[in-house]
Amino acid sequence: MYAKKLVLAAILAVVFAGQTAGQSPSTGFDGARWIWSTSAGTELSSFPAGVCYFRAELNLPRDAQIESAEVLATADNLFALYVNGQGVGESDTDNSAWSKPQRFDIAKLLVPGRNVVAVQAVNTLAGPAGLLVKSAIRLANGQAIEFNSDEAWKCSLTEQSNWQQLAFEDGQWSAVRVVGNFGDAPWEGVLRDFPDLD
């Protein structure tokens, strides 16, 4: 459902137009990096319109008891977010949605051990494109785990069956390109005050 809505939104817009100890997501995207496909070219201003699919592994301790887990996400221009194959949420559907990050509670979707975060991102018009994600997890023992979009993620320009699922084999997917840090141009307008959890 998310994928169909994103593709429709992208068409309408064209027609009409890593893990370390951390703090809670309310502190913002500090430490997260804007990422996109290496196939997009070298100049941000010349990135083509199109869809990019992303995956990354989030490994939690085998005995983890998850007390809380939140994720902040945005993409230039649109995104749909999945955790372990389950749809979490998506961006607004206008071309400026990248400036209004979305915040979601993902505690019930995470499990001890291996988890997969997957995102479908759409660049609705030729020009800059990027995905920015930050998650903060707190375990019952007090341990804080931070998970950011960075060079460890993988991507594909082709949608494949069950690409969001935990069991999907992404060994043939490409490395991502880091296209900026949080706060870098042209995305310095991303909100620093975030919405309540959905």
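Accessible area per residue for segment 49-165, computed on protein heavy atoms with a 1.4 Å probe, is 35 Å².
The residues packed around Ala129, meaning those with a beta-carbon under 13 Å from its beta-carbon, carry a net charge of -1 if Lys and Arg are +1 and Asp and Glu are -1.
Here the Kirkwood formula puts the hydrodynamic radius of segment 61-198 at 15.8 Å, using every distinct Cα pair.
Determine the sum of side-chain charges near Arg33: Lys and Arg each +1, Asp and Glu each -1, restricted to other residues whose C-beta is under 15 angstrom from that of Arg33. Each step should come with its number before you reach the end.
On the way: positive: Lys134, Lys154, Arg177; negative: Asp30, Asp76, Glu146, Asp150, Glu151, Asp184, Glu188.
Net of charged neighbours comes to -4.
Backbone amide hydrogens, once placed in the peptide plane, bring Val179 within less than 5 Å of Trp34, Ile35, Trp36, excluding anything fewer than 5 places away on its chain.
When Arg62, Arg138 are compared by accessible surface with a 1.4 Å probe, the order from highest to lowest is Arg62, Arg138. A full extension of the chain between Asp30 and Ser99 corresponds to an added length of 23.3 nm, given 0.36 nm per residue minus the alpha carbon distance.
The values are calculated or read from the model by the stated rules, or taken from the named source; none is laboratory data. Quantities reported herein were computed from a predicted structural model and do not represent experimental measurements. For neighbour counting, all protein chains shown are included, and Cβ atoms are generated from backbone atoms with ideal geometry for every residue, glycine included. Ligands, DNA and RNA are excluded from the accessible area calculation, which covers all protein heavy atoms including side chains. Shrake-Rupley method; radii C 1.70, N 1.55, O 1.52, S 1.80 Å.
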